[in-house]
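Visitor: Have a look at this one.
The values are calculated or read from the model by the stated rules, or taken from the named source; none is laboratory data. Predicted, not measured: the structure shown is a model, and the values here were computed from it. In this analysis, Cβ positions are derived from the backbone assuming ideal geometry, glycine residues included, and neighbour counts consider all displayed protein chains.
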């Protein structure tokens with residue numbers, strides 16, 4: 001599952017980078033001013049860097065989520081546990097139950 005999330009983050013980042021490149025080309029084609037062309041290139045590079053940072057942050061979140069699940073601190077599903085109270089969701093993690 002994690003690799004699918006990472007692949008989705010990489011694909012999204014790739015699309016953002018492609019979009020930045022195409023916008024740069026469009027801006028360069030509409031002007032003759034060298035300063036505006038340089039500005040378009042700078043904007044493209046900034047957007048590509050931001051896309052890469054977002055991708056890396058998503059990778060980090062995915063890894064943290066994976067580690068949390070392995071450690072047992074991630075998403076818990078409710079079970080009937082060992083209390084014999086089927087379907088109550090009391091489970092073995094419930095410490096506030098009184099019987």
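Visitor: Return the residues of the range 1-19 that are at pLDDT below 90 and surrounded by 12 or more Cβ atoms within 10 Å (Cβ to Cβ); say none if nothing qualifies.
Guide: 2, the sole residue that qualifies.
Visitor: Take the conditions assigned to a helix (DSSP H, G or I), surrounded by 14 or more Cβ atoms within 10 Å (Cβ to Cβ) and without any contact (Cβ under 8 Å) to a residue 24 or more places away in the chain and apply them to residue 44. Does it pass?
Guide: No: the conditions fail for residue 44.
Visitor: Could you please let me know if residue 74 is surrounded by fewer than 15 Cβ atoms within 10 Å (Cβ to Cβ), in contact with a helix residue (DSSP H, G or I) (Cβ under 8 Å, 6 or more places away or on another chain), modelled with pLDDT under 90 and assigned to a loop (DSSP other than H, G, I, E, B)?
Guide: So residue 74 fits the description; yes.
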